[in-house]
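Trainee: Quick one: the structure is below, and I'll ask about it shortly.
The values are calculated or read from the model by the stated rules, or taken from the named source; none is laboratory data. The model shown is predicted, which means the values in this text are computed figures rather than measured ones. For neighbour counting, all protein chains shown are included, and Cβ atoms are generated from backbone atoms with ideal geometry for every residue, glycine included.
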Amino acid sequence: MMLDRTKAKKYSVLIVEDDALARATVIGMLCKEFNCSYVDDGFEAVRYCQRHESPDVILMDYHMPEVNGVDTCIKLQACSRSKDIPIIFFTGNDDGDVQKQCWGAGAADFVSKPVKADVLKMRIMRQIEVKAKERHLVSLACKDQLTALPNRQFLKQNAPRLIKQLVREKADLSVLMVDVDNFKKFNDNYGHLEGDKVLKAVARALSESVSRPLDCVMRFGGEEFMVLLPKTGLDHAKRIARIMTRAVEALMIDHSFSDHGVVTVSIGVSSSEHENSLKFVELVKKADKALYTAKAEGKNTVSCGMRKRATTQHQASPLVAYSFG
């Protein structure tokens, strides 16, 4: 049996407790400040987190029939949807071995029985504050500070999950490698502060050229950007790339040391369409080679492959060798 309190509260708490009286007591303590839900046992706790929006905190009784709190905690930690939820254990047992088991399973904190309302609320809020700080730090680590775009750390953390999803759905992925043309000449002649302004303007133009929620524009390094286009075939990816080149050119940022007179970008395109499998690193390498071709063909253009009469051996960008984990 499961009960959801639907009053609008800022934070949600899932109570995992088989004793009806103890459960009602805890709900009574918390229901004015938190959106409380409960389940009767560990199996239901795991199912709840798989089927509903994740609670901010889980309150777990150590002693439960069927599956105890430690085993439930281990199962929740193994699930991607619930692995980051702080779990606070209720325990009336001061045995160090019991607490050691809980810590080992991933417990965030303990509350001794009988539970005191003020102590419980403070411990819940403490865990919520800790997780909020952790999320903020992760967000900073995954964001390029100049352009505010996702960075390579974001790619490393999220690419494996995206690839697995696309493989399950048998969907295509297209990759764009974007490079600002003659950027070193721009920096050398206009200065690095103006160069930073260019990178921010290009980042905005690229981002405004895509609209679907899963499309992702990232700063890959230096003056190089990467665009991931899930569920997108080669032809559509090339159309988006052309929109991007025109959008950057339309910024009309003066660049007297470029053949085009303004800041432009070159873009290499690759796609898993018509491929037997989706190999992300290979897609990135192909897009990088195609970018080299776009550069060799005069820049401010889009390419999806090497020219037939390439005269110079292309060396892949060192960034392409980055481990995507």
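Residue-wise test of (1) buried (at least 19 other Cβ atoms within 10 Å of the Cβ); (2) in a loop (DSSP other than H, G, I, E, B); (3) modelled with pLDDT of 95 or more.
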{"site": "ARG161", "(1), (2), (3)": "no, no, no"}
{"site": "MET177", "(1), (2), (3)": "yes, no, yes"}
{"site": "PHE186", "(1), (2), (3)": "yes, no, yes"}
{"site": "ALA201", "(1), (2), (3)": "no, no, yes"}
{"site": "ARG204", "(1), (2), (3)": "no, no, yes"}
{"site": "SER211", "(1), (2), (3)": "no, yes, no"}
{"site": "LEU214", "(1), (2), (3)": "no, yes, no"}
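Trainee: Another question about this same structure. Mind listing just one residue for me: the one in region 237-260 that is within 19 Å of ASN189 (Cα to Cα) and either outside the structural domain of LYS170 (by TED's automatic domain parsing) or polar (S, T, N, Q) (or both) and, of those, surrounded by the most Cβ atoms within 10 Å (Cβ to Cβ)?
Mentor: This residue is SER258.
Trainee: What pairs can you find where one residue is in region 261-282 and without any contact (Cβ under 8 Å) to a residue 60 or more places away in the chain and outside the structural domain of GLU297 (by TED's automatic domain parsing), the other is crowded, with 18+ Cβ neighbours inside 10 Å and part of a loop (DSSP other than H, G, I, E, B), and their Cβ atoms are less than 6 Å apart, with a gap of 6+ or different chains?
Mentor: none
Trainee: Let me ask something additional. Test GLN50 against the criterion of being under 24 Å from the mean Cα position of the chain (by Cα) and of a type in the set (S, T, N, Q), and give yes or no.
Mentor: On the way: under 24 Å from the mean Cα position of the chain (by Cα): yes; of a type in the set (S, T, N, Q): yes.
Spelling it out, GLN50 is indeed under 24 Å from the mean Cα position of the chain (by Cα) and of a type in the set (S, T, N, Q).
Trainee: Sticking with this one: Tally time: how many residues in region 283-298 are in contact (Cβ under 8 Å) with a residue 24 or more places away in the chain and over 20 Å from VAL217 (Cα atoms)?
Mentor: 3
Trainee: From the list ILE74, ILE58, exactly one residue is β-branched (Val, Ile, Thr) and free of Cβ contacts under 8 Å to residues at least 40 places away in the same chain. Which is it? Full working, then the answer.
Mentor: Numbers: ILE58 fails: free of Cβ contacts under 8 Å to residues at least 40 places away in the same chain.
Just one listed residue meets the conditions, ILE74.
Trainee: Looking only at region 205-258, how many residues end up being aromatic (Phe, Trp, Tyr), over 17 Å from LYS285 (Cα atoms) and within 17 Å of the chain's Cα centre (by Cα)?
Mentor: Adding up the residues that qualify gives 0.
Trainee: Of all the residues that make up region 120-145, how many are touching an Asp or Glu at 6+ places or on another chain (Cβ under 6 Å) and among the hydrophobic types (A, V, I, L, M, F, W, C)?
Mentor: Residues in region 120-145 being touching an Asp or Glu at 6+ places or on another chain (Cβ under 6 Å) and among the hydrophobic types (A, V, I, L, M, F, W, C): 1 in total.
Trainee: Also, I was wondering about something else. Just give me the residues in region 296-320 being at pLDDT below 95 and under 28 Å from GLN153 (Cα atoms), in sequence order.
Mentor: Once the filter is applied, which keeps residues that are at pLDDT below 95 and under 28 Å from GLN153 (Cα atoms), region 296-320 yields CYS304, GLY305, HIS314, GLN315, ALA316, SER317, PRO318, LEU319, VAL320.
Trainee: Within region 53-69, how many residues turn out to be among the aliphatic types (A, V, I, L, M) and either under 29 Å from the mean Cα position of the chain (by Cα) or within 25 Å of ASP118 (Cβ to Cβ) (or both)? Full working, then the answer.
Mentor: The initial filter retains those residues of region 53-69 that are among the aliphatic types (A, V, I, L, M), namely 57-60, 64, 67.
Cutting the leftovers down to either under 29 Å from the mean Cα position of the chain (by Cα) or within 25 Å of ASP118 (Cβ to Cβ) (or both) gives us 57-60.
So the answer is 4.
Trainee: While we're looking at this one, here's another question. Does GLN145 satisfy being modelled with pLDDT of 85 or more, among the polar types (S, T, N, Q) and assigned to a loop (DSSP other than H, G, I, E, B)?
Mentor: Working: modelled with pLDDT of 85 or more: yes; among the polar types (S, T, N, Q): yes; assigned to a loop (DSSP other than H, G, I, E, B): yes.
Considered against the rule, which asks whether it is modelled with pLDDT of 85 or more, among the polar types (S, T, N, Q) and assigned to a loop (DSSP other than H, G, I, E, B), GLN145 comes out as yes.
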